[in-house]
Structures are given as C-alpha cells and as structure tokens.
1. What number of residues within region 52-85 are over 11 Å from V24 (Cβ atoms), of a type in the set (V, I, T) and surrounded by 16 or more Cβ atoms within 10 Å (Cβ to Cβ)?
2. Applying the selection to region 83-107, what residues are more than 18 Å from Y122 (Cβ to Cβ) and over 13 Å from the mean Cα position of the chain (by Cα)?
3. Cβ contacts < 8 Å: first residue without any contact (Cβ under 8 Å) to a residue 60 or more places away in the chain, restricted to region 114-139; second residue small (G, A, S), any location; separation 6+ or different chain. Result?
4. Any residue that is under 15 Å from E157 (Cβ atoms), surrounded by 16 or more Cβ atoms within 10 Å (Cβ to Cβ), modelled with pLDDT of 95 or more and in contact with a helix residue (DSSP H, G or I) (Cβ under 9 Å, 6 or more places away or on another chain) - is there at least one of those in region 5-13?
5. Collect the residues in region 134-151 that are surrounded by fewer than 17 Cβ atoms within 10 Å (Cβ to Cβ) and of a type outside the set (K, R), keeping them in residue-number order.
6. Only one of (1) touching a residue at least 40 places away in the same chain (Cβ under 8 Å); (2) in contact with a Leu (Cβ under 9 Å, 6 or more places away or on another chain); (3) on the phi < 0 side of the Ramachandran plot fails for E65. Which number is that?
7. Check off (1) assigned to a loop (DSSP other than H, G, I, E, B); (2) closer than 20 Å to H167 by Cβ for G83 and give me the number that stays unchecked.
Amino acid sequence: MHILHIFDAQNYDISWNCFRREAVRAIIFKNNKIALVKSAKEGYYKFPGGGIEPNETHIEALVRETCEETGLLIIPQTVRQLGSIIEKRRSIYDNNEIFEQHSYYYFADIGAESTQGCLDMYEAELGYHLEFIDLETAWKTNIELGNNYESAFLQREAYIIKLLIDHR
C-alpha cells in the first residue's frame, strides 16, 4: 500500500528494540458527512478502526473494528485502499523501545443495517460514540486539541482529514 506520510519523532535511539503495531482505519461517507468516532471525554475525532489480530486480514480487521466501535456494518466488497501512515517514536510504555505503528486507511461503504457496538473498557471510559460530521469541523477540532496536548494520533487523523478535504 502507498505510504501517504511518515511521522517520525526521532526521539529514540536506533539501537533500541522496535515494537511494531499494524492497524486499519475506515473512511466512510454518508450524505456528504464522514463517520468518525468522537471521544465525549476528550473531544477529539478518530477514524473507526484498530489493531489487526494475528491471522486476520486487513478487511476482516476493518469490518470487525468498525462494527465494535460504531455498530456500522461494512460491505467487504466495497473496501478500497487510500494509503498508509507510519508513526515512529519512543514508546510511552518502555523508555528504551521504539514504537512503530502502520495505519492502513480504507474507503468503505456500509449497509443499511447497523448493530450494537462493543467498546473496549478504555473506549467506553473515553465516551466513544459514532458521529457523522463534516470534514472541516472534525479537522478544526483535532487541530485545536492537538495544540493543547501532545498526541501523535491526533496529528495522524488530522493529516488524513485534511487530505480528504483537499481532494474532494
């Protein structure tokens, strides 16, 4: 998949062990609005998605994660690649480890039906919920929040939202 951008904090030593995580993110439009997960506690927007389980395809993970976080049911045959983002920085869990995340973004269509989501405990604590919103509002919100505290994922999500705005 085409690499759209690399966010490299360069705050690590290249001799450290590297923990690599792969994740998928869904880009879903409906009625000229984008489906995003909003944190009621923190106020930010993120794309539905998450980590790819062992022996799981990207599409399987995309369908599962989107359903868990939003209740939306992706039609697997509609999934199309946008590209990937690589993030590389010092791990927040181990000061002597590099954290490298590859996020793969896919356009997808959803069916008319939806189901009840199934949030992880930390997602429920953050008040995750589905919101259909215009791109500009989501981008401005994440940019403003990103200025208030350091969060690499907000930078990543804002980058993709801006890319979508610029290529409409």
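The values are calculated or read from the model by the stated rules, or taken from the named source; none is laboratory data. It should be emphasised that the depicted structure is a prediction, and the values quoted were computed from it without experimental measurement. All Cβ positions, glycine included, derive from the backbone under ideal geometry; neighbour counts span all protein chains shown.
1. Number satisfying all stated conditions: 2.
2. K88, R89, R90, D94, N95, N96, E97, I98, E100
3. Listed pairs, sorted by first residue: S114/G71; T115/G71; Q116/G71; G117/G71; W139/A158.
4. Taking every residue of region 5-13 in turn, none turns out to be under 15 Å from E157 (Cβ atoms), surrounded by 16 or more Cβ atoms within 10 Å (Cβ to Cβ), modelled with pLDDT of 95 or more and in contact with a helix residue (DSSP H, G or I) (Cβ under 9 Å, 6 or more places away or on another chain).
5. D134, E136, T137, I143, E144, N147, N148, Y149, E150, S151
6. All conditions are met except number (2).
7. With respect to (1) assigned to a loop (DSSP other than H, G, I, E, B); (2) closer than 20 Å to H167 by Cβ, G83 is out only on (1).
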